[in-house]
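Undergrad: Shown below is the structure under consideration.
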Amino acid sequence: MISVVCWSLWAASGSTVDQIKQFVQSAIKLKNPDKEVAETLRKMKLSERLDLDTVEALQSQGAGPKTVLALKELAAESASLPQAAPPAPPPVYVPPPPPSSEEQAKLLDEVRDYAINYSHRLPDFICLEQTRRYVDTTGREAWRQADIITARLTYFNQKEDYKLVSQSDKVNTNGSYESVGGALSMGDFGTTMRDIFDPKSHASFEWQKWATLHGRRMNVFSYRVPLEFTSYTIEYQGESKEDVQRVKTAYHGSIYVDRDLSTIMRITLEADNLPPTFPVKETKETLDYDFAKIGDSEFLLPLVADMRMHAGREWTKNVKEFRLYRKFSADAVIKFDSEQSSDDKTKEQPPQQPQPPQ
């Protein structure tokens, strides 16, 4: 009803075809009564010609029969009026210029210091890590969920420790995290970013573009780590526990750096030139960070990780989520599944304006 009242203000001055279209589309969206929309249209005067193609388009979008009849009457009445002007072209987005070479070098120095010292800034904590694993045998991303692995992750003295809690809703506290087999990844809490920016890696960097992530402006740098200096290792276990193959490989990817905070918010990684005899043919990873509260302070911590791997005729995808960050103490507890209280359950929250990490 509100839209009918507002749009009827155009009746006296003469409406454009674009205004008629907006009015009808709004009425469809708000589910205004067909009869009232038609009555409002009959009070309107057009300043330009309404063609039947436009009427048919509005009918296909959901305009009611009385509305369509009123539109056809307007089309007949406006037949002698000038044709509607073509819609204005959408504004062309012109990105800001890239930072100068001096600014890029300064930013990379800041980010390098941040990445190398990232682990030292983190407190000891525990959290819940949940990994949904998917399989595809077609190569067309027809993913089928294989299982869900839940683990308690302890970060203590800058080291990660994983304790298996369940696999596909079956409690399993006796086996090790690695005992579940299949594709797994670790080292999300600083290892990846530290290895990229470690001077021993001899990584090359190049400013790539501006981007938006979590509603914030990002500098995106591409990077590449050569084979002779890499520490990136891929391990493949065959049918038996003794059938384990490992390979070190060069890799490349992108680093998303918050323009205002100079913090890393996303890392992508892709292996290069895997040996043709190695079972794994392709690996890709994306790790997103966001701010989470531990104790009384906020820290930049892993939020979601996506790892994809192609081995033989099988493609695998792991989507990891990190939840329920808690300050580590001797009696720290995370409640799982039915034991969770309403305060402990993870909820989606809109991004907030972060403060620089502690």
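Undergrad: Just to be sure I understand, how many residues within the stretch 171-225 are at pLDDT 85 or above, assigned to a strand (DSSP E or B) and open to solvent by 20 Å² or more (accessible area, probe 1.4 Å)?
TA: Final tally of qualifying residues: 12.
Undergrad: Just name the residue that is farthest from W210 (Cα to Cα) out of those in the stretch 84-130 that are touching a helix residue (DSSP H, G or I) at 6+ places or on another chain (Cβ under 7 Å) and hydroxyl-bearing (S, T, Y).
TA: S119
Undergrad: Go through (1) farther than 30 Å from T150 by Cα; (2) open to solvent by less than 100 Å² (accessible area, probe 1.4 Å) and name the single condition D53 misses.
TA: (2)
Undergrad: Any residue in the stretch 246-261 that is in contact with a helix residue (DSSP H, G or I) (Cβ under 7 Å, 6 or more places away or on another chain), modelled with pLDDT of 85 or more, within 30 Å of E298 (Cβ to Cβ) and open to solvent by 20 Å² or more (accessible area, probe 1.4 Å)?
TA: Looking through the stretch 246-261, none of the residues is in contact with a helix residue (DSSP H, G or I) (Cβ under 7 Å, 6 or more places away or on another chain), modelled with pLDDT of 85 or more, within 30 Å of E298 (Cβ to Cβ) and open to solvent by 20 Å² or more (accessible area, probe 1.4 Å).
Undergrad: Looking only at the stretch 137-163, which residues are among the hydrophobic types (A, V, I, L, M, F, W, C), surrounded by 13 or more Cβ atoms within 10 Å (Cβ to Cβ) and closer than 18 Å to F189 by Cβ?
TA: I149, A151, L153
Undergrad: Can I ask one more? Report yes if K21 is closer than 16 Å to E73 by Cα, at pLDDT 90 or above and part of a helix (DSSP H, G or I), otherwise no. Full working, then the answer.
TA: Numbers: closer than 16 Å to E73 by Cα: yes; at pLDDT 90 or above: yes; part of a helix (DSSP H, G or I): yes.
For K21, the condition - closer than 16 Å to E73 by Cα, at pLDDT 90 or above and part of a helix (DSSP H, G or I) - is met.
Undergrad: Going through L69, L81 one at a time, which residue ends up being open to solvent by less than 70 Å² (accessible area, probe 1.4 Å) and over 25 Å from the mean Cα position of the chain (by Cα)?
TA: On the way: L69 fails: open to solvent by less than 70 Å² (accessible area, probe 1.4 Å).
Checking each option against the conditions leaves just L81.
Undergrad: Restricting the search to the stretch 59-81, which residues are assigned to a loop (DSSP other than H, G, I, E, B) and more than 15 Å from V17 (Cα to Cα)?
TA: Residues satisfying the conditions are Q61, G62, A63, G64.
Undergrad: Have a look at Y114, Y134 and point out the one that is out of contact with any Phe, Trp or Tyr (no Cβ under 8 Å at 6 or more places or on another chain) and open to solvent by less than 80 Å² (accessible area, probe 1.4 Å).
TA: After applying the criteria, what remains is Y114.
The values are calculated or read from the model by the stated rules, or taken from the named source; none is laboratory data. Here the structure is a predicted model, which means the values were calculated and not measured. Neighbour counts are summed over all protein chains in view; Cβ atoms, including those assigned to glycine, are modelled from backbone coordinates with ideal geometry. Ligands, DNA and RNA are stripped out before the accessible areas are found, and what is left, the full protein with its side chains, is counted by its heavy atoms. Shrake-Rupley method; radii C 1.70, N 1.55, O 1.52, S 1.80 Å.
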